[in-house]
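Student: There's a structure below that I have some questions on.
Any read-out appearing in this document is the output of simple, stated calculations on the displayed coordinates, not a laboratory observation. Keep in mind that what you see is a predicted model, and the values were worked out from it rather than measured. Virtual Cβ from ideal backbone geometry, glycine too; neighbours counted across all protein chains shown.
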Amino acid sequence: MKSEETMLKELFIDELKDIYWAEKHLTKALPKMKKGSTSEELANAFDEHLAVTEEHVARVEQVFEMLDMTARAKKCEAMDGLVQEAQNLMEELPKGTAVRDAGLIIAAQKVEHYEIAAYGSLVQLAKTMGENEIADLLQQTLDEEKEADQLLTELAVSGINIGADNEPE
Ligand SMILES: [Fe+2]
Ligand SMILES: [Fe+2]
């Protein structure tokens, strides 16, 4: 039987492949979400998060390197579904409305929460394995995901939701 240590490392690598796929998938989805936004603030937020997400991809590649491995992605069904939901919202909610922005914010926050859960777990696993440098690197991404989530909440409460509420049906 494999040792617990080996199994834990395999689990970590599996989760790393999952988030690698998820981040790369997001880099393709964010420009569409930006284009689908009504308000400039939300469009800018998606634009900024695209740049941040590209860094997240690079950071995951760095972690693979630190483990002496080539970066490999494994399809993340959850991120695939979350991005599909954002796509559906854009098809259902009319262009140029605040309600569409409110929907996009919800979709984007679901994405951030998935990433927060994924990185939170990866940081914990890395620490358990004694890989503190890797843990620190992934912690930076975790902090940035939390910031993105916070920014989306601010955008929602600062007017987009109120605007959506005042729109005629
Ligand atoms: Fe990310
Ligand atoms: Fe993110």
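Student: Label points 7 Å out from Cα along the Cβ direction at Lys9 and Gln124: separation in nm?
Tutor: Going from the Lys9 label point to the Gln124 one covers 2.2 nm.
Student: Determine the sum of side-chain charges near Met66: Lys and Arg each +1, Asp and Glu each -1, restricted to other residues whose C-beta is under 9 angstrom from that of Met66.
Tutor: -4
Student: Quick one: compute a quarter of the convex hull surface over the Cα atoms of the stretch 1-81 and quote it in nm².
Tutor: 6.3
Student: Under a Cβ-Cβ cut-off of 12 Å, what is the net charge of the residues other than Leu42 that fall near it, where Lys and Arg count +1 and Asp and Glu count -1? Each step should come with its number before you reach the end.
Tutor: On the way: positive: Lys34, Lys35, Arg100; negative: Glu40, Glu41, Asp47, Glu48, Asp101, Glu154.
After counting each charged neighbour, the total is -3.
Student: Something else now. Between the alpha-carbon centers of the stretch 28-48 and the stretch 84-118, tell me the distance in whole angstrom.
Tutor: Computed from Cα coordinates, the inter-centre distance equals 11 Å.
Student: Applying 1/(1 + (r/R0)^6) with R0 = 30 Å to the Cβ-Cβ distance of Phe64 and Lys28, what FRET efficiency is obtained, to the nearest 0.05? Before the final figure, lay out the partial values.
Tutor: Working: r = 20 Å, r/R0 = 0.68.
The value I calculate is 0.90.
Student: Could I get the Rg over Rh figure for the chain? Both from C-alpha atoms, Rh via Kirkwood, rounded to two places.
Tutor: 1.05
Student: For a 21 Å ceiling on Cα separation, which of these pairs sit above it: Lys110/Lys146; Lys75/Lys95; Lys2/Lys74; Lys24/Lys74?
Tutor: Lys75/Lys95; Lys2/Lys74
Student: Mind listing which trypsin sites (Lys or Arg not before Pro) in the stretch 85-169 are in a DSSP loop and have 11 or fewer other Cβ atoms within 10 Å?
Tutor: Passing both the DSSP loop test and the Cβ count: Lys95.
Student: Full-extension gain between Glu92 and Val157, please, as 0.36 nm times their residue separation minus the C-alpha to C-alpha distance.
Tutor: Length gained, Glu92 through Val157: 21.1 nm.
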